[in-house]
1. If A:T494 meets every condition in (1) surrounded by 13 or more Cβ atoms within 10 Å (Cβ to Cβ); (2) at pLDDT below 80 apart from one, which number is that one?
2. So B:I91 fits all but one of (1) within 14 Å of chain A (Cβ to nearest Cβ); (2) within 27 Å of A:R327 (Cβ to Cβ); (3) more than 11 Å from the chain's Cα centre (by Cα); (4) in contact (Cβ under 8 Å) with a residue 12 or more places away in the chain; what number is the exception?
3. Just the residues that are among the small types (G, A, S) and within 11 Å of another protein chain (Cβ to nearest Cβ), please, taken from the stretch A:243-265.
4. So in the stretch A:379-400, with the set limited to residues that are over 22 Å from A:R302 (Cα atoms) and surrounded by fewer than 17 Cβ atoms within 10 Å (Cβ to Cβ), which one is modelled with the lowest pLDDT?
5. Name every residue in the stretch B:1-54 that is among the basic types (K, R) and closer than 20 Å to B:F94 by Cα, in order of residue number.
6. What are the residues in the stretch B:42-58 that are at pLDDT 85 or above and buried (at least 16 other Cβ atoms within 10 Å of the Cβ), if any?
7. May I ask you to list pairs of residues, at least six apart or on different chains, whose Cβ atoms are under 6 Å apart, with the first in the stretch A:324-349 being within 17 Å of A:P268 (Cβ to Cβ) and the second being part of a loop (DSSP other than H, G, I, E, B) and among the aromatic types (F, W, Y)?
Amino acid sequence: MALVVDDESTNRLVLAAMLKREGFHVVEARNGSEALTRFEASRPDIIFMDVMMPGMDGLEATQHLKTLSGNDFVPIIFLTALHDDQSLVRCIEAGGDDFLSKPFSFNVLKSRIVAMERVRDLHRHIAAKNRMLARLLEIDRQEQVLAERIFSHAVNDRNVAGENLGILMRPAATFNGDLLLSQYLPDGSLRVLLGDFTGHGLSAAIGALPVADAFHSMTRKGVADEVVLEEINRKLHRVLPTDRFMCAFMVTFPVSGGDLRWWNGGMPDGLVCHAEGIHRLASHALPLGILPELSHSDAPRRRPLRMGDRLLLITDGLLEAQDAEGRAFGQAGWPELIANWTCDRSLLAPLLQSLDAHCADTDQQDDIGAVEIPVTVDIFGCANLGAVPSSQGGVACSVLLRDGRLARTPSMAHLLGPLGLQEELGAHLGALETVLHELYTNALEHGILRLPSWMKATPDGFSAYYVERESRLAAGPVGSIRVDIAYESGPPGTIRITITDSGQGFDFGKPPEPLSVSVKPWGRGIALVRELCESVNYCNLGTQVEAVYRCV
Amino acid sequence: MSISRQVDSGNALVIINIEGRFDFSEHRPFRDAYRDIAPGSVRFLVDLSRADYLDSSALGMLLLLREHAGTDAGRVTIRGCTEDVLRILRIANFDRLFILE
């Protein structure tokens, strides 16, 4: 449909006839304001506009029409008897798309229409693409937000000690390629991991979930640094493509005050601020996820640490953050900041200030991450399990069962699973299950439930014993039993099982009868354990027993 | 284009020259520089003497090349690193995966 706007009826008539020959349905208007009304009513595909008309002229009408048509492209062609450049320029400025000088031939009109239709089709095509793009961008944005929510729940919500650590995390995209994890070991020691995935955004952060899972669950079970790193490395190597990996810095602060254990794979130097100055912890290992196994030289290192020292870990995004002149922060404010850092004050506030001043009026290119850890008693968790036996070069785990949970004897396979020892100990698993089961049963029945074993002297007593056991368990026992398993690799490997109960103890001084000569129906459990183990020792009035098993 | 290559078929060696910033934008040209060569058939020499910057995605690209070349030691040599580039390679401990000349 075409709209013809002209105050001369002859002109309208001639043009309408031409347009009808071209297959157009024609609507006519005599001046600008009528054109606006007709436009609203009939929504034409193309408009032919006279310039000079009484009332609203063509230029003004065109401005209104262009506003009315909004994002739709409705070409307006001026029909003008004016030939001076200025008038033609004004037509285009008012929003006109083309002009035809009167008088014009049918063929010229026809070719102008074809050209306009071409522009209009292109315009519509682009508009449709834009709408689709806007829709896709919106979907993408929503997915990013959703993913961000899931990600922060799975990764960040499980972190500990956040209020005592100075944390700076600034993602370049919604999804963060930098990763900060913190978790307590069973004895309350603190472990922190700062990671930096290659690249940015979703693809960079996708590996964060398995890393966070392994880090949190293994740390809570007391798994040693190198084993956690091995596991994370294995997982990343499996899930990430060849060109993707994670640089990482992992530190463990022992609650007992021993050496700091640190591991740096491809991250900038960690900085220890102590009374005498700054000590650097340089990268000594390959980033995680590159090789299937970590090599021996990649083992965590140690450094003495004192209360009051501070540790700063950073990602390279911080050092590479550019100012308006393209100068990296590492070459600008950073060196002076470190030179003036003393351990009696936090570096984070001045760091933020200096970084913000540096990055003013620039777009952030890379994720920026930093964490400052002051070595104070506040950073440690509560040692709800007491001291864990030291396990130099080994692995350890602990489980604490209380009250209602006491009835469920823990299994060795279950405890060894997270340590990754199940295969290594395969042949010994049966014997170890027995040792654990017997010691645990003893602690439960005699320590917590206070059942006397002589009850089992007669067949009746034997069943009475178990009936009583059931009823005492059903009544809701009160107390706790803690199981510690420590493995030291050999050869031969040694497993130390320590069981501690909260009961009153018993007279363990009486030597047990050897299994071979015993004919009594009770007291076999411990004897059996003694046969299997290298040593079995009771202490603390019988509330604690330690059995040492050698894998020979 | 800042990546070019020379094939020294006599020595079964492919030399890849990188000029300017070696970052993600070079992903395609870098890959094109070796992917028509049969995997594991030749040694590679990556010449970084005219590269002034290298980012972590470039480290990733080097790992892809290493995989293509065959991961046994000595198949990929990196030559002519500037101080800055060398520092990044050292921090990542890539001297264990590549020969740094």
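The values are calculated or read from the model by the stated rules, or taken from the named source; none is laboratory data. Predicted, not measured: the structure shown is a model, and the values here were computed from it. So basically every Cβ, Gly included, is an ideal-geometry build from the backbone, and we count neighbours across all protein chains shown.
1. Only one criterion is unmet by A:T494, namely (2).
2. Status for B:I91: all satisfied but (4).
3. So in the stretch A:243-265, the residues among the small types (G, A, S) come out as A:248, A:256-258, A:265.
Listed by number, the list holds a single entry, A:G265.
4. Initial filter on the stretch A:379-400 (over 22 Å from A:R302 (Cα atoms)): A:382-386, A:398-400.
Then drop every residue that is not surrounded by fewer than 17 Cβ atoms within 10 Å (Cβ to Cβ), which leaves A:382-384, A:386, A:400.
Values: A:C382: 61, A:A383: 51, A:N384: 45, A:G386: 36, A:L400: 80.
Among those residues, the one meeting the criterion is A:G386.
5. Going residue by residue through the stretch B:1-54, those that are among the basic types (K, R) are B:5, B:21, B:28, B:31, B:35, B:43, B:50.
Result: B:R21, B:R31, B:R43, B:R50.
6. Keep residues of the stretch B:42-58 that are at pLDDT 85 or above, which gives B:42-51.
Listed by number, the residues that qualify are B:V42, B:R43, B:F44, B:L45, B:V46, B:D47, B:L48, B:A51.
7. Correct list of pairs: A:L347/A:W341.
Let's see how each residue does on (1) loosely packed, with under 14 Cβ neighbours inside 10 Å; (2) aromatic (F, W, Y); (3) more than 58 Å from the chain's Cα centre (by Cα):
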residue	(1), (2), (3)
A:M53	no, no, yes
A:K66	no, no, no
A:D72	yes, no, no
A:D84	yes, no, yes
A:E93	yes, no, no
A:N107	yes, no, yes
A:I113	no, no, no
